[in-house]
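For reference, the structure is listed below as C-alpha cells.
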Amino acid sequence: MTAFGKLIRTTAFRLTLVYLFLFALFAASLLGYFAWNTRRLITEQITTTVNGEISEVTDIYTSRGLRGLVFTVESRALRPGANLYLVTTPTGQAIAGNVGSLMPGVMASTGWIETAYRRLDEQDTATHRALVNVTQLSGGFRLLIGRDLEERRRLFGIVAQAAQWSLLVVVVLGIGGGIFVARRVLRRIDAMTGTTQRIMAGDLSGRLPVGRSGDELDRLAENLNAMLERIEALMMGLKEVSDNIAHDLKTPLTRLRNRAEEALAKSGCEADYRVALERTIEESDGLIRTFNALLMIARAESGQARGNMDNFDAADVASGIHELYEPVAEDDGMTLRLKTAAAPLHGNRELISQALANLVENAIKYGQPAAGPQPGPVVSLDAKQILIEARRKDDIVLLSVTDRGPGIPEADRKHAVERFVRLDSSRTQPGSGLGLSLASAVATLHGGELRLGDARPGLVATLAIPSRTASIERISPQTQDVPQKVA
Amino acid sequence: MTATAPEMRLLIIEDDRESADYLVKAFREVGHVADLASDGEEGLAMAESGDYDVLVVDRMLPRRDGLSVIGALREKSNRTPVLILSALGQVDDRIKGLRAGGDDYLPKPYSFAELLARVEVLSRRNVGPAEETTYRVGDLELDRLSHRVARGKDELTLQPREFRLLEYLMKHAGQVVTRTMLLENVWDYHFDPQTNVIDVHISRLRSKIDKGFERPLLHTIRGAGYMIRDGIR
C-alpha cells in the first residue's frame with residue numbers, strides 16, 4: 001500500500017472528509033439564507049420607496065394636473081440615482097421620464113413587473129433590469145416608477161463569490177487538516193506497529209512510545225505497555241523455571257543414573273540391588289515432588305490456577321493447618337499455637353492451605369531458637385512456640401506464621417522467596433527450596449503478597465491477601481466450571 | 001502385597017503400551033484379572049460389554065478422550081467405578097475429572113502401591129460396611145452415630161480428627177489405605193506435604209487404640225500405607 005493510500009485509509013482522514021462535507025453544507029446553507037434574505041430585504045425596500053413615490057406623484061397629478069406631473073417627474077428623473085420614471089399618453093407616447101425603452105407590453109399592464117430597460121440618457125446599448133410599477137392615471141395617462149436592480153445583482157454576486165471562496169477555504173483547510181491529523185496519528189500508529197513487530201520478533205524489552213498529552217493513544221500505549229510488562233515477567237518466569245529445572249533437576253537425575261549404573265556394574269547380591277532400587281525410588285519420588293511444586297508455582301504465577309475460587313474463612317484454613325501440623329511440631333519439640341479471628345476470603349482454598357502449610361513446615365524446620373541471649377520478644381511467644389494467626393485488617397486478610405528461630409536477615413528476605421533458594425544457614429536441612437516461592441506465587445495469584453518480617457527474634461511470614469480482589473471478581477464467572485458433556 | 005483382597009476384574013484403558021503392560025502384569029501378580037484397551041473407542045466398547053469391577057482410564061487417549069469415555073458410560077447408566085490416570089495433576093484438572101463422572105483421580109507418575117490401594121477401595125467387590133452405623137474390627141468398635149469408640153471393654157477418647165481417621169480406616173478395614181488417600185479423604189487436602197504429617201497422626205491414633213493391647217490392629221504396610229485389620233483373619 002502506498003503512503004498516500006495508507007493516509008487516506010486512516011480513520012482520522014475519513015472523519016475529516018465527513019466533517020468537511022458537513023461544514024461545507026453548513027457554510028452553503030448559511031450563505032444561501034443570507035443571500036435570500038438580503039434579496040428579499042432589498043426588494044421590500046424598492047417596493048416601499050416606489051410605492052411612496054407613486055402616491056406622491058399621483059397626489060401631485062391630482063392637485064396640479066398633467067403639467068405638475070410632468071414637471072415633478074422630469075425633475076425627479078434628473079436626480080442622480082437608480083430610480084426610473086416614465087409617463088405615457090393614452091396613445092402610448094412618452095412625455096416625461098428617464099426611461100428610453102422597455103420590453104414591449106410593460107406599459108400595457110399595471111402593477112409590479114420585472115423588466116429589461118434602457119435609460120434615455122445612456123449611450124451604450126446595454127440593457128439593465130429593473131423592478132417597476134405601472135399605474136393607470138385618470139385621463140388615460142400611465143405612470144411608471146421603478147428602480148434599477150443592479151444593486152441587488154451586485155450584492156448577490158458578492159454573496160456568490162463569498163460562497164465560492166469560503167467553500168474553497170473549507171475544502172483546502174479540511175483536507176490539509178485531515179492529512180495533518182491523519183499523518184500525526186499514522187506516525188504514532190506506525191511507531192507502535194514498529195515496536196510490536198520488534199517485540200514479536202523476540203525483543204520483549206521493547207515498549208511503546210507514550211506521549212505526554214495523555215490522550216487516548218497514550219492511554220492505549222500505557223495499557224499495552226503494562227500488558228507487555230506482564231508478558232515479559234511471565235516469560236522471564238518461564239525462562240527461570242526452565243533454567244532451574246535444567247539445573248536443579250539434572251543434579252538428582254545424574255545421581256539417580258549414577259546409582260543405577262553403579263549397582264549394575266557391581267555384581268552384588270540381591271540385597272545390594274534392593275538397596276539401590278529403593279534409593280532410586282526415593283530419589284525419583286523427590287524429583288516428582290520438586291517437579292510438581294515447580295509446575296504448581298508456574299501455574300499460580302501465570303494465573304491459570306484461577307479456577308476453583310470460592311468464599312471461605314481464612315480462620316478455618318489456619319485451624320485446619322494447625323490441626324494437621326500440631327502433632328508433627330510436637331514431635332519436633334515445638335508447640336504450634338493458633339490465634340484466629342473471622343477473616344472471610346475469596347480464593348482458591350486448596351492453594352492457600354498449601355501456602356500456609358509450607359510456611360508452617362518452614363517454621364518447624366528452621367524455627368528452632370538460636371542459642372544465646374535474646375532481646376525481648378515483640379510477640380509473646382515462648383522460645384519453642386510457633387504461632388499461626390489469621391486475622392483481617394481493613395480489606396486485607398493476613399495469614400501469618402511466627403517463629404522464634406534465627407529469622408532471615410533483612411538483606412536476604414527478598415532473595416529467600418526466589419525459587420530453589422536455600423539460605424546458607426539451611427543448606428544442611430532437607431527440602432526442595434520451593435516452599436516460600438510457592439507461598440509467594442499463591443499470594444500473587446490472589447492479588448496479594450508474601451511478607452517476611454522480623455519477629456525480634458524470629459521470622460514472621462505473612463500471606464497478605466485482599467479479601468476480595470478485583471481481578472478475581474472479574475474472572476469469577478469462569479469458576480462456574482461446567483462439567484464436560486459428552487455427545 | 002495383600003492377598004486378602006478378593007479377585008477383581010479390571011479394565012485398563014491406556015495408550016502407552018509399556019505402562020499398560022506393566023499395569024496388567026502387576027495387577028495379575030497380586031491376583032486380579034486385568035484387560036487392556038489401547039484407545040478410547042475400544043475401551044468404551046469393552047467397558048460396556050464386560051462386567052468390570054473397576055475401570056482405570058487414562059485421560060488423554062487416541063480416538064476418544066478419557067473423560068468422554070466416562071461421560072458416555074455414565075449417560076448409559078453404567079456406574080462402574082472409574083479411576084482416572086492423568087499427567088495433568090493440578091487441582092482443577094482433578095475436579096474436572098471427578099465432575100465428568102470419575103470416582104478417583106491419580107496423577108502420573110504414580111506408584112503401583114498407590115494405584116492398587118485406590119483401585120481396591122473403589123472396587124464394587126468391596127462395598128463393605130459403608131452404610132452401617134457401627135464398624136467392628138476385632139474387638140475394636142466404632143459407633144458412627146454416637147461417635148463412641150471402644151476396644152474390648154475400654155472406652156477410648158479420640159479427638160474429632162482422630163475419630164474421622166479411624167472411621168476411614170475402619171470403613172476400609174482389610175484394605176491398604178495410602179497416606180495420600182488419608183490426606184485427601186480425612187483432611188480434604190490434595191497437596192503433598194514435605195513432612196511425615198500423616199505418620200505422626202497415625203502413631204498418635206495407634207497409641208490410643210493399640211497401646212496396651214496384646215494384638216495390634218493398625219498395621220503399617222511397608223512402601224504403601226496403612227491397614228486396619230484383625231491380625232488373625
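The values are calculated or read from the model by the stated rules, or taken from the named source; none is laboratory data. The shown structure was predicted, so the numbers you read here are calculated from the model rather than taken from an experiment. Every residue, glycine among them, receives a Cβ derived from its backbone with ideal geometry; neighbour counts consider all protein chains shown.
Numbers at a glance
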{"read-out": "Residues of region A:343-353 classified as more than 9 Å from chain B (Cβ to nearest Cβ) and in contact with a helix residue (DSSP H, G or I) (Cβ under 6 Å, 6 or more places away or on another chain), total", "value": "4"}
{"read-out": "Lone unmet requirement of (1) surrounded by fewer than 22 Cβ atoms within 10 Å (Cβ to Cβ); (2) assigned to a helix (DSSP H, G or I); (3) over 50 Å from the mean Cα position of the chain (by Cα) for A:GLY333", "value": "(2)"}
{"read-out": "Any hit, region A:240-254, residues being over 57 Å from the mean Cα position of the chain (by Cα), loosely packed, with under 14 Cβ neighbours inside 10 Å and in the same structural domain as A:ALA298 (by TED's automatic domain parsing)", "value": "no"}
{"read-out": "Number of the condition not met by B:ILE84 [criteria: (1) surrounded by fewer than 17 Cβ atoms within 10 Å (Cβ to Cβ); (2) within 13 Å of another protein chain (Cβ to nearest Cβ)]", "value": "(1)"}
{"read-out": "Output for region A:317-362, where each listed residue is polar (S, T, N, Q) and closer than 18 Å to A:LYS384 by Cα", "value": "A:THR335, A:ASN362"}
{"read-out": "Number of positions in region A:70-109 that are surrounded by fewer than 17 Cβ atoms within 10 Å (Cβ to Cβ) and not in a loop (DSSP other than H, G, I, E, B)", "value": "7"}
{"read-out": "Sole residue being within 14 Å of another protein chain (Cβ to nearest Cβ) and touching a residue at least 24 places away in the same chain (Cβ under 8 Å), chosen from B:LEU158, B:LEU169, B:LEU140", "value": "B:LEU158"}
{"read-out": "Lone qualifier among A:VAL328, A:VAL421 - being touching a strand residue (DSSP E or B) at 6+ places or on another chain (Cβ under 9 Å) and either more than 14 Å from every other protein chain (Cβ to nearest Cβ) or at pLDDT 85 or above (or both)", "value": "A:VAL328"}
{"read-out": "Where a residue in region A:343-372 is not assigned by TED's automatic domain parsing to the domain that holds A:PRO409 and its partner, wherever it lies, is among the hydrophobic types (A, V, I, L, M, F, W, C) and surrounded by 23 or more Cβ atoms within 10 Å (Cβ to Cβ), with Cβ under 7 Å and at least six apart", "value": "none"}
{"read-out": "Among (1) surrounded by 14 or more Cβ atoms within 10 Å (Cβ to Cβ); (2) over 14 Å from A:LEU143 (Cβ atoms); (3) free of Cβ contacts under 8 Å to residues at least 24 places away in the same chain, the one test that A:TYR117 misses", "value": "(3)"}
{"read-out": "Matching residues in region A:447-462 - criterion: being on the phi > 0 side of the Ramachandran plot and at pLDDT 80 or above", "value": "A:GLY447, A:GLY458"}
{"read-out": "Where B:PRO107 falls short, out of the listed (1) touching a residue at least 24 places away in the same chain (Cβ under 8 Å); (2) touching a strand residue (DSSP E or B) at 6+ places or on another chain (Cβ under 7 Å)", "value": "(1)"}
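The rows are residues; the columns are (1) β-branched (Val, Ile, Thr); (2) modelled with pLDDT under 80; (3) assigned by TED's automatic domain parsing to the domain that holds A:ASP332.
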position: A:PRO430; (1), (2), (3): no, yes, yes
position: A:LEU438; (1), (2), (3): no, no, yes
position: A:LEU445; (1), (2), (3): no, no, yes
position: A:ALA487; (1), (2), (3): no, yes, no
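This table checks each residue for (1) among the acidic types (Asp, Glu); (2) without any contact (Cβ under 8 Å) to a residue 12 or more places away in the chain; (3) in contact with a Ser or Thr (Cβ under 8 Å, 6 or more places away or on another chain); (4) within 23 Å of A:THR10 (Cα to Cα).
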{"residue": "A:TRP165", "(1), (2), (3), (4)": "no, yes, no, no"}
{"residue": "A:VAL171", "(1), (2), (3), (4)": "no, no, no, yes"}
{"residue": "A:LEU186", "(1), (2), (3), (4)": "no, no, yes, yes"}
{"residue": "A:MET200", "(1), (2), (3), (4)": "no, yes, no, no"}
{"residue": "A:ASP203", "(1), (2), (3), (4)": "yes, yes, no, no"}
{"residue": "A:GLY211", "(1), (2), (3), (4)": "no, no, no, yes"}
{"residue": "A:ASP218", "(1), (2), (3), (4)": "yes, yes, no, yes"}
{"residue": "A:GLU232", "(1), (2), (3), (4)": "yes, no, yes, no"}
